[in-house]
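Only one structure is covered here, and it is reproduced in the block below.
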């Protein structure tokens, strides 16, 4: 993942239970919701790139 200080806001629509589950997962790991989502998306993109 790029460690640049530049950021871009992203908005997502999702079922109401998904943010609740994400909040619980972040809390269990002791990280913010935003950090958890960024890491998980970055990890998944890395996995997909490795499949090529």
Next item on the list: Using just the helices of the chain, give the 222 nm mean residue ellipticity in deg cm²/dmol: DSSP H runs with n ≥ 4 each add -39,500 (n - 2.57), and the total is spread over all residues, rounded to 500.
Entry: -19500 deg cm²/dmol
Next item on the list: Find how much the distance from residue 28 to residue 52 grows on full extension, using 0.36 nm per residue of separation minus their present alpha carbon separation; answer in nm with one decimal.
Entry: 5.3 nm
Check: For the Cα atoms of the chain, what angle does the longest principal axis make with the long axis of helix 33-50, in degrees from 0 to 90, nearest 10?
Finding: 40
Margin query: For semi-axes √(5λ) of the Cα gyration tensor in Å, pick the label among (1) 52, 6, 4; (2) 21, 15, 13; (3) 24, 15, 12 that corresponds to the value derived from the coordinates.
Written below: (2)
Item checked: Helix 17-29 vs. the chain, principal-axis angle (Cα, 0 to 90°, nearest 10) -> 80
Checklist line | Packing-based ranking, highest mean first, of 33-46, 6-19 given that Cβ atoms within 10 Å are counted | finding: 33-46, 6-19
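Here, each number is a calculation from the coordinates, and none is a lab measurement. Quick caveat, the model's predicted, so the values are computed rather than measured. For neighbour counting, all protein chains shown are included, and Cβ atoms are generated from backbone atoms with ideal geometry for every residue, glycine included.
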